[in-house]
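Below you'll find the structure, written out as structure tokens, and then a few comments.
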Amino acid sequence: GAGVSQSPRYKVAKRGQDVALRCDPISGHVSLFWYQQALGQGPEFLTYFQNEAQLDKSGLPSDRFFAERPEGSVSTLKIQRTQQEDSAVYLCASSRTGQGDTEAFFGQGTRLTVV
Amino acid sequence: GENVEQHPSTLSVQEGDSAVIKCTYSDSASNYFPWYKQELGKRPQLIIDIRSNVGEKKDQRIAVTLNKTAKHFSLHITETQPEDSAVYFCAAILYGSARQLTFGSGTQLTVLP
């Protein structure tokens with residue numbers, strides 16, 4: 001596709017509900033990142049995939065957060081038993097290589113509101 | 001891990017004036033420093049980047065300088081225009097690590113007409 005696509009754009013979840021956020025990276029991009037952006041803050045790293053391998057999940061805030069990229073393209077971030085503090089914009093980014101110095105292209109994000 | 005601090009958090013300038021945003025980083029091994037612009041409700045977009053083997057890079061009205069010894073880098077925008085109003089984020093990463101960009105907390109730039 002032309003860019004990184006995320007769905008849904010907006011999600012309202014009741015506390016305790018499970019949610020799944022989808023990311024379609026740019027075709028052929030090796031690296032895929034998930035970030036969490038709270039209002040008025042910079043993106044905070046959650047997890048990183050190189051192709052289908054999850055190489056870093058050190059930013060996931062709890063075991064309620066789980067991410068996968070089974071075929072090395074589309075990725076899903078799942079949050080179980082959502083809490084109010086999970087409310088944020090979840091950004092996905094992809095980059096062409098696994099070298100870390102190529103541009104990361106961001107999706108428009110999914111705004112999650114937990115009520 | 002890497003820690004990036006960004007100042008100021010808000011900046012207002014008159015149209016036509018220059019704006020400077022500064023960042024410091026903690027990991028001396030970091031060697032790639034991109035800057036992202038995020039307009040309200042939109043995705044962050046790369047506007048300029050610099051690698052540690054150069055001290056300055058310029059692209060029209062935007063320039064970035066890097067001081068490796070002091071571990072700080074700055075974004076300079078000259079002849080500011082209202083469309084420059086946005087949140088700007090600096091970031092740092094170790095080339096080849098492909099792990100994660102560490103972002104600063106952002107600067108809300110407002111260009112007053």
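The values are calculated or read from the model by the stated rules, or taken from the named source; none is laboratory data. It should be emphasised that the depicted structure is a prediction, and the values quoted were computed from it without experimental measurement. Don't worry about glycine lacking a Cβ; one is built from the backbone with ideal geometry, like all the others, and counts go over all protein chains shown. Please note that ligands, DNA and RNA were not included when accessible areas were found on the heavy atoms of the full protein model with its side chains. Shrake-Rupley method; radii C 1.70, N 1.55, O 1.52, S 1.80 Å.
Computed quantities for the displayed model
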read-out	value
When residues of the range B:95-113 are limited to those that are closer than 18 Å to A:GLY42 by Cβ and assigned to a loop (DSSP other than H, G, I, E, B), the one most open to solvent (accessible area, probe 1.4 Å)	B:ARG99
Odd one out for A:PRO8, checked against (1) modelled with pLDDT of 95 or more; (2) in contact with a Phe, Trp or Tyr (Cβ under 8 Å, 6 or more places away or on another chain); (3) surrounded by fewer than 16 Cβ atoms within 10 Å (Cβ to Cβ)	(2)
Among the residues listed as B:VAL4, B:VAL13, the single one being under 30 Å from A:LYS57 (Cα atoms), open to solvent by less than 40 Å² (accessible area, probe 1.4 Å) and of a type in the set (Val, Ile, Thr)	B:VAL4
Test: residue in the range A:91-106 that is under 21 Å from B:GLY41 (Cβ atoms), in contact (Cβ under 8 Å) with a residue 40 or more places away in the chain and either acidic (Asp, Glu) or open to solvent by 20 Å² or more (accessible area, probe 1.4 Å) (or both)	yes
Any hit, the range A:73-89, residues being within 14 Å of another protein chain (Cβ to nearest Cβ), crowded, with 18+ Cβ neighbours inside 10 Å and in contact with a Gly (Cβ under 8 Å, 6 or more places away or on another chain)	yes
Which numbered condition A:GLY40 fails, given (1) within 13 Å of another protein chain (Cβ to nearest Cβ); (2) closer than 20 Å to B:ARG43 by Cα; (3) in contact (Cβ under 8 Å) with a residue 24 or more places away in the chain	(3)
Residue list for the range A:32-79, filter: among the β-branched types (Val, Ile, Thr) and either touching a Phe, Trp or Tyr at 6+ places or on another chain (Cβ under 7 Å) or not in a loop (DSSP other than H, G, I, E, B) (or both)	A:THR47, A:THR76, A:ILE79
